[in-house]
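Before I ask anything, here is the structure I am working with.
Just so it is clear, none of the values below were taken in a lab; they were calculated from the coordinates. No experiment lies behind these values; they were computed from the predicted model shown. Cβ: placed from backbone, ideal geometry, glycine included. Neighbour counts: every protein chain shown.
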Amino acid sequence: MGLYLVETIPSEHEDLDNVPVQSPSDLRGLAEYSAATNHGARWLTTFSPDLNDDRHFSIWESPDADEIRSLMDRFGFLHEGTVRIVQVRQWGPSDVLEADSEPPTDW
C-alpha cells in the first residue's frame, strides 16, 4: 500500500446561476468506509491551512491514485474542485539520524 497526499482546491464560481446542481458530498459515508476497510483506498486524515485558504490536504493509503480518485468520486468529492494526488514517503528526524549512524555499505 502506498501513502498519498491529496490536495483539494475548491472551484471558484463567480456566476452561481450557471453552477450545475450536484448532490452533496458524503463526508460521513467516506469516514465510515475508511474506518471499516483494510483494503483498497482509505482516507486517513485531512489538514486545512487556515480560515483564508479553502484548500484541504489529505493523507490516504492506497494501492494507486486511481483507487483514491474512484472513492472520492463515489462519495461526491470530485465535483467540488481540482484534485491533485501525489504518492509520498513518510520520514523524519529519527530516519535521518538512523541513516547517518550506519556506515556506508559500498566501501
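Restricting to region 66-90, name every residue that is out of contact with any Phe, Trp or Tyr (no Cβ under 8 Å at 6 or more places or on another chain) and aliphatic (A, V, I, L, M).
M72, L78
Quick one: which strands (runs of 3 or more DSSP E) lie wholly within region 41-92 and hold at least 3 residues that are more than 12 Å from the chain's Cα centre (by Cα) and closer than 10 Å to L5 by Cα?
So the answer is none; nothing clears 3.
H56 is checked against (1) in contact (Cβ under 8 Å) with a residue 12 or more places away in the chain; (2) surrounded by 16 or more Cβ atoms within 10 Å (Cβ to Cβ); (3) touching a helix residue (DSSP H, G or I) at 6+ places or on another chain (Cβ under 9 Å) and fails just one. What number does that condition carry?
(3)
Let me ask another. Mind listing just one residue for me: the one in region 73-89 that is charged (D, E, K, R) and in contact (Cβ under 8 Å) with a residue 40 or more places away in the chain and, of those, farthest from G29 (Cα to Cα)?
R89
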